[in-house]
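Notes to accompany the following structure.
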Amino acid sequence: MHQTSRPRTESSVSVIGAGIAGAWHALLFAQAGHDVTLHERSDASLVLSTSHWAGGMLAPYCESEVAEPIISRLGLRALDLWRRELPDTPFNGSLVVAHPRDRSDFERFARLTEGHRRLDAAGLKALEPSLEGRFREGLFFAREGHVEPRRVLPKLHERIIAAGGTIMFNSDVSADDVDGLVIDCRGLAARDDQPELRGVKGELILIETDEVTLSRPVRLIHPRFPLYVIPRGDGRFMLGATSIESEDNGVSVRSALELLGAAYAVHPAFAEARIVEFGSGLRPAYPDNLPRIAVNNGHIAVNGLYRHGFLLAPALAELTLSYVERGVIDNEVMQCA
Ligand SMILES: Cc1cc2nc3c(=O)[nH]c(=O)nc-3n(C[C@H](O)[C@H](O)[C@H](O)COP(=O)(O)OP(=O)(O)OC[C@H]3O[C@@H](n4cnc5c(N)ncnc54)[C@H](O)[C@@H]3O)c2cc1C
């Protein structure tokens, strides 16, 4: 980190895109006293945003199995910001389990991650009684949390308004149409001026059953595809998620079979669940799969949140605000023209 000699001081701020990146930027800037307008091209349901389809896991420890250290650094900071802004966010941890045949992958996961404690079968049963007899051991990441995107985005939008910001839905704008400092959080739609962005497809299935109760996300280690089951309340569970280098936005039969088969492997009672929804979203990613805050005069583009948008958005918004108010540059994330 270093500080530039000429920090910016615009107070009128236009944020484009009300997904998770835009929502957190609008919130922190409004709370800091800026005159914020958040523009979103779709209506408040946000079905056009990747954020609508996300799992919402806040899992910096589990993600460190595959992600660069910067994801954990920003993710750990973001956990504090989630706690500060939305204190009712569930921080009751996440659980990683594997069947005995996948033991070596389970041990590898344990080696590559920290912040966990091993549970035996009795410990698993105490934490998630529905999993009794299903697995011999698990890893409990007690400090992780999760949010439900479709509930938390409206909450963040309410808080933006409470902090004095304005939100304009059905407002499809370009940087030239809006006033003051522009913070571009358009996700994959920003490809018109950032051609290196690509979409990485993630498919999910929402199911419903009252035969299984879970209190926290459960990840199943699997040699071909990692699966997670996230409780959504009212007997609903999200099964996710594939990660496919494709921008097709459908759900393939193969993915559906794999997701449902893996859910069955977590608990056979999921076989009787009702399917509520199939869906997919395109994760906006740069070639290195790392997030970026690109600064160019009065235009700041925040993008490439890839598979970590909910985990990272608060910390990225805080970095953007520090830059605008005090000229602080985080060299790992920021690019200044
Ligand atoms: C299946 C799946 C599971 C995932 N699970 C997780 C998870 O568990 N944890 C996690 O941290 N991340 C997860 N992710 C990743 C996360 O969803 C993304 O990183 C994140 O949603 C990206 O957010 P964003 O705000 O950059 O983009 P988006 O959510 O796409 O938001 C961009 C917004 O900009 C709007 N927009 C575009 N152009 C304009 C314009 N011209 N004018 C106005 N508005 C415009 C769009 O309508 C959209 O609402 C998952 C993703 C998928 C697909």
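The values are calculated or read from the model by the stated rules, or taken from the named source; none is laboratory data. Computed from a predicted model, the values in this text were never measured in an experiment. Counting neighbours? That spans all protein chains shown, and the Cβs are built from the backbone with ideal geometry, glycine included. Side chains are part of the model used for accessible areas, which takes the heavy atoms of the whole protein and leaves out ligands, DNA and RNA. Shrake-Rupley method; radii C 1.70, N 1.55, O 1.52, S 1.80 Å.
Couple of notes before you dig in:
- Comparing Glu114, Glu128, Glu277 in a Gaussian network model of the chain where C-alpha atoms under 10 Å apart are linked, the largest mean-square fluctuation is found at Glu277.
- Value at 222 nm in deg cm²/dmol, rounded to 500, when DSSP H runs of n ≥ 4 in the chain each add -39,500 (n - 2.57): -9000 deg cm²/dmol
- Springs join every pair of Cα atoms under 10 Å in this Gaussian network model of the chain, and among Leu81, Leu27, Leu257 the largest mean-square fluctuation is at Leu257.
- Whole-angstrom Cα spans of the chain along principal axes, big to small: 60, 37, 36
- Share of carbon and sulfur in the accessible heavy-atom surface of the chain [1.4 Å probe, %]: 48 percent
- Span-like helix ranges in the chain, DSSP H, alpha carbon extent 15 angstrom or more, Kyte mean at least -0.5: 20-31, 69-85, 149-162, 253-266, 309-326
- The range 17-96 versus the range 147-191: alpha-carbon centroid distance in Å: 13 Å
- Considering only the chain, percent of DSSP beta bridges that pair antiparallel, nearest 5: 65 percent
- Net length gained if the chain between Arg84 and Ala142 were fully extended (0.36 nm per residue, minus Cα distance): 19.1 nm
- Summary of packing: across the peptides 156-163, 238-245, the per-residue average of other C-beta atoms within 10 Å ranks them, highest first, as 238-245, 156-163.
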